[in-house]
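The values are calculated or read from the model by the stated rules, or taken from the named source; none is laboratory data. On a predicted model such as this, the values are computed, not experimentally measured, just so you know. Note that each Cβ is placed from the backbone with ideal geometry, even for glycine, and that neighbours are counted across all protein chains shown. Just the protein is used for accessible areas: all its heavy atoms, side chains included, with ligands, DNA and RNA removed. Shrake-Rupley method; radii C 1.70, N 1.55, O 1.52, S 1.80 Å.
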Amino acid sequence: MAVTESISKRRSYDGPAIFERGFRPFFFLAGIWAIIPLTLWISTYLGLIVPLTDINAQAWHSHEMIFGYAGAALAGFALTAIPNWTGRLPVRGNRLMLLALLWLAARSLTVSTLFIDVSSFALAFEALFFIIFSALVFREIFVGKNWRNMPVAIIFSLFGLVAILSSLSNMGIISSALNFDRAAIATLVLLISLIGGRIVPSFTENWLKQQGAKDLPISFNRKDGIILVITAATLVCWLTLPYDSFIVSVLATASCLLHVWRLSRWSGIATFSEPLVAMLHVAYLWIAIGFAMVALAALDIVSVSTAVHAWTTGAIASMTLAVMMRATLGHSGRALKADKATTAVFSLITLAAITRLIAATLASTDLITASAIFWIVGYLVYVVAYTPIFWNLKK
């Protein structure tokens with residue numbers, strides 16, 4: 001009786017709803033942070049705000065969108081998915097609150113660096129956040145003996161390491177030929193290729209079976225593993241070789257075609273009657289588009305910035321949003337069906353990505369501004385629609 005009662009008490013949770021599971025605070029914070037740095041950056045870009053410190057606004061913007069926004073999205077995903085992988089109880093309550101506060105402190109301090117030099121404090125809190133987050137992930141994987149997902153844990157930790165190195169580089173403490181922000185983008189592209197290759201066909205299969213379909217996606221197999229190896233090799237070459245390298249062009253073209261072929265095996269066309277599923281396929285398509293842009297940039301047909309934004313405003317933003325909205329609905333006991341707000345959010349971010357690619361190619365200030373507006377409005381809709389769910393303000 002005592003043992004059963006103890007287990008029941010451990011499994012129950014009666015604290016604030018926002019700290020009940022990882023997706024709640026971190027998907028909420030990701031939505032907020034998608035808006036703030038971009039608003040500040042577009043304001044500096046248009047000359048509406050002038051930073052009071054000697055800081056590179058472009059580098060600041062890149063760091064915050066990659067490590068701030070994507071860092072929160074990764075933390076929310078990992079802390080929500082790992083209990084499903086291991087069968088263990090989720091990180092919640094005070095431990096989850098502490099991790100969220102560390103993230104919030106780091107981000108607040110990085111905003112402050114625009115006006116006063118507190119970069120050392122920002123680095124300290126950012127490093128502490130990623131170190132504790134990685135430690136929690138590895139602990140759950142080890143204790144749960146979930147060795148299949150150890151590569152995912154390693155990629156999470158690699159992303160955190162790159163975040164720290166990026167801050168050190170921006171502060172001039174270390175010098176390296178490697179662009180750490182692009183290294184982080186490459187890490188996220190590889191992570192999306194790995195996890196997306198599991199969840200997109202899996203979620204699609206579940207939905208198609210409910211519709212009585214017979215033509216189902218092909219699950220992850222050895223061919224997918226080979227594609228991931230080629231993807232990793234291409235990303236390494238993109239980071240280490242000159243951007244106009246013939247090798248980069250060939251590998252990027254091959255990776256683009258392989259990811260298109262991979263996507264074609266997942267029955268995506270059959271899902272367009274349910275946007276919540278279809279958006280996963282659209283988001284994954286941006287991986288292939290990014291490789292196509294890398295190949296074209298190597299041939300000096302488009303700018304390097306075009307390739308970078310195909311992955312940042314395209315693949316990373318689209319996939320994180322698609323997963324965040326789906327996970328939020330599913331883990332809060334709601335139907336896995338996109339309402340008008342959910343569809344509008346994804347549509348606006350897709351429009352922002354397309355506009356940003358054209359803007360990068362044409363070097364158009366007007367289109368950059370338009371893309372930023374689409375982005376900000378899209379995430380505002382996300383925050384308004386999903387905040388009541390995160391805080392359990394509505395059923």
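If you go through segment 213-225 one residue at a time, how many are within 23 Å of the chain's Cα centre (by Cα) and part of a helix (DSSP H, G or I)?
2
Quick check on my filter: what residues within segment 243-290 are among the polar types (S, T, N, Q), more than 20 Å from S219 (Cβ to Cβ) and out of contact with any Phe, Trp or Tyr (no Cβ under 6 Å at 6 or more places or on another chain)?
Listed by number, the residues that qualify are S245, S249, T253, S273.
At least 2 residues that are hydroxyl-bearing (S, T, Y) in each: list the helices (runs of 4 or more DSSP H) lying fully within segment 266-378 that qualify.
Counting at least 2 such residues, we get 304-309, 317-331, 340-362.
Please name all residue pairs, on different chains or six or more residues apart, with Cβ atoms under 7 Å, provided the first residue is in segment 364-382 and is open to solvent by 40 Å² or more (accessible area, probe 1.4 Å) and the second residue is at pLDDT 95 or above and not aliphatic (A, V, I, L, M).
L367/T355; F374/T355
From A213, A254, A233, A283, which residue is surrounded by fewer than 19 Cβ atoms within 10 Å (Cβ to Cβ), touching a residue at least 24 places away in the same chain (Cβ under 8 Å), of a type outside the set (K, R) and within 30 Å of D300 (Cα to Cα)?
A254
Would you confirm, using the coordinates I've provided, whether W311 is of a type outside the set (V, I, T), touching a Ser or Thr at 6+ places or on another chain (Cβ under 9 Å) and over 18 Å from P242 (Cβ atoms)?
In short, no.
Taking the residues in segment 310-349 that are among the hydroxyl-bearing types (S, T, Y) and under 19 Å from V384 (Cβ atoms) as candidates, determine which candidate is nearest to the chain's Cα centre (by Cα).
T320
Mind counting the residues in segment 259-280 that are open to solvent by less than 10 Å² (accessible area, probe 1.4 Å) and of a type in the set (F, W, Y)?
Looking only at that region, the number is 1.
Take the residues of segment 238-251 that are open to solvent by less than 30 Å² (accessible area, probe 1.4 Å) and among the hydrophobic types (A, V, I, L, M, F, W, C): which is nearest to D181 (Cα to Cα)?
Among those that are open to solvent by less than 30 Å² (accessible area, probe 1.4 Å) and among the hydrophobic types (A, V, I, L, M, F, W, C), it is W238.
Output yes when any residue across segment 217-230 is within 28 Å of A352 (Cβ to Cβ), in contact (Cβ under 8 Å) with a residue 12 or more places away in the chain and of a type in the set (S, T, N, Q), and no when none is.
No: zero hits.
Would you check if there is a residue in segment 141-154 being under 23 Å from S193 (Cβ atoms), of a type in the set (A, V, I, L, M, F, W, C), out of contact with any helix residue (DSSP H, G or I) (no Cβ under 8 Å at 6 or more places or on another chain) and free of Cβ contacts under 8 Å to residues at least 24 places away in the same chain?
Checked against the condition, which is being under 23 Å from S193 (Cβ atoms), of a type in the set (A, V, I, L, M, F, W, C), out of contact with any helix residue (DSSP H, G or I) (no Cβ under 8 Å at 6 or more places or on another chain) and free of Cβ contacts under 8 Å to residues at least 24 places away in the same chain, segment 141-154 yields at least one hit.
Among all residue pairs at least 6 apart or on different chains, which show Cβ distances below 8 Å where the first residue, located in segment 155-172, is hydrophobic (A, V, I, L, M, F, W, C) and the second is open to solvent by 50 Å² or more (accessible area, probe 1.4 Å)?
Pairs found: L165/I174; L165/S176; L168/I174; M171/S120.
Write out, first by first residue and then by second, each pair whose Cβ atoms fall under 8 Å of each other, whose residues are 6+ apart or on separate chains, and whose first residue, in segment 180-204, is within 16 Å of V152 (Cβ to Cβ) while the second is of a type in the set (D, E).
Pairs found: G197/D224.
Can you pull out every residue in segment 328-355 that is open to solvent by 30 Å² or more (accessible area, probe 1.4 Å), without any contact (Cβ under 8 Å) to a residue 40 or more places away in the chain and hydroxyl-bearing (S, T, Y)?
If the condition is that a residue be open to solvent by 30 Å² or more (accessible area, probe 1.4 Å), without any contact (Cβ under 8 Å) to a residue 40 or more places away in the chain and hydroxyl-bearing (S, T, Y), then S347 is the only one that fits.
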